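> Mind looking over this structure? Questions follow.
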Amino acid sequence: MLIFVDQVDFCGNCGITSVLGDAVVTMTAGKSAGRAMEADLTLLDDMADAARAIALRYFRKDIGLTMKSDASPVTRADREIEDHLRRMLALHAPDDGVFGEEMPPTGLDRPRLWVIDPIDGTGAFATGSPLFGTLFGLLNEGVPSIGAIEASATGERWIGCAGGEAWLNERPCRTSGCTRLARASIGATAINAYAPEARAAFDRLAARAAITRLGGDCYSYGLVAAGHLDAVIETGLKPYDFVPIVPIIEAAGGVMTDWQGAPLTLHSEGHVVAAASTELHEEICALLRAP
């Protein structure tokens, strides 16, 4: 799948409002920025293709599972994907910085910084579950600009552009627009690892929600963007776990912040809420902050 600029409306952080199709339509505004964004989106799509090929070569095979010093799992696929994506960036975006999970960061002070999680949901990947993904995106002057969730095993790919649209494969996607927790389906991944205060806060939400689903890692955020799940609430995340997802959720019509309602950045503490609407987001954050 290759994404091209189909319409240009120079606004927000990305400068386009839609990406789709097999032809490039002449850009009508912000031509220089539009060309740069077209190149970024093409690179993003090429990176997703490369990540998919590597992930599927290892999935449900000999993955070389080991444990890192922080007791989190890592596989050969994690390291190979990040190494390959970094080499692609060195070739096509040599002036940009890179912040990834498996290798030391480079160029953290540069205006453009790519953020990579080669396998989000390594536990799922290691146990044969298809609900893992590769996350990568671009911070422009510290603001999440574009991002991708590449769900290789399911053949799904979400791409979002701040100020533009979100896409699932080649179709626009939107959140459900759910406005009330009592009618909402919510999700989280590893509540067994939450600190007691965070677990109590999540339990308050679960007691009021219509449906609570556990597990899913990055795939759950894709379900929010596609309108199937209404919210995800997590804590203890690293920037590579959430930065690439922000443009997707927001472009799909949702809201994604920390638990205090503040924008997510490279320096956020890792308490994350993604919700289908402003109203639902506000209700969730109020309950998370409640004593």
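> Starting from a Cα-only point model with no solvent, please compute log10 I(q)/I(0) by Debye for segment 82-151 at q = 0.11, 0.28 1/Å.
The Cα Debye sum returns log10 ratios of -0.28, -1.26.
> Right, here's the next one. What's the center-to-center distance, using Cα atoms, between segment 64-111 and segment 270-291 in Å?
Measuring centre to centre over Cα atoms gives 31 Å.
> Here's another thing I want to ask about it. With the full set of protein chains in place, find how many percent of the accessible area of the chain is carbon and sulfur; take the probe as 1.4 Å.
C and S atoms contribute 53 percent here.
> How much area per residue is accessible in segment 67-112 when the probe is 1.4 Å and only protein heavy atoms are counted (Å²)? Intermediate results must be reported in sequence, preceding the final value.
Working: 2610 Å² over 46 residues.
Heavy-atom accessible area per residue stands at 57 Å².
> Give the residues of segment 68-101 whose amide nitrogen is closer than 12 Å to a point set 7 Å from the Cα of L108 in the direction of its Cβ.
Flagged as within label range: 98-100.
> Rank-order 190-203, 235-248 by packing density, defined as the average count of other C-beta atoms within 10 Å over each peptide's residues, highest first.
235-248, 190-203
> Right, something else. Taking the solvent-accessible surface of protein heavy atoms with a 1.4 Å probe, what is the per residue accessible area of segment 158-228 in Å²? Let's see the in-between values first.
Values: 3310 Å² over 71 residues.
Dividing the accessible area of segment 158-228 by its residue count gives 47 Å².
> Let me ask something additional. Per-residue counts of other Cβ atoms within 10 Å, averaged by peptide: what ranking do you get for 272-284, 222-234, 37-49, highest first?
Sorting 272-284, 222-234, 37-49 by mean packing, highest first, produces 222-234, 272-284, 37-49.
> Where Lys and Arg each count +1 and Asp and Glu each count -1, what net charge lies around G222 among other residues with Cβ under 12 Å from its Cβ?
Charge balance in the 12 Å sphere: -3.
> Here is a further query. What dipole magnitude, in Debye to the nearest 20, does segment 204-266 give about its Cα centre under +1 on Lys/Arg Cβ and -1 on Asp/Glu Cβ? The partial results should precede the final answer.
Values: 4 positive and 6 negative charges, 41 e Å.
Roughly 200 debye for segment 204-266.
> Would you tally the net charge around F99, using a Cβ to Cβ cut-off of less than 14 Å, leaving F99 out, and scoring K and R as +1, D and E as -1? Could you put the intermediate results ahead of the total?
Numbers: positive: R86, R110, R112, K238; negative: E82, D96, E101, E102, D109, D117, D241.
Neighbourhood net charge equals -3.
The values are calculated or read from the model by the stated rules, or taken from the named source; none is laboratory data. Please read these numbers as outputs of a predicted model, since none were measured by experiment. Note that we place each Cβ from the backbone using ideal geometry, even for glycine, and neighbour counts take in every protein chain shown. Note: accessible area is taken over every heavy atom of the protein model, side chains too, but ligands, DNA and RNA are not part of it. Shrake-Rupley method; radii C 1.70, N 1.55, O 1.52, S 1.80 Å.
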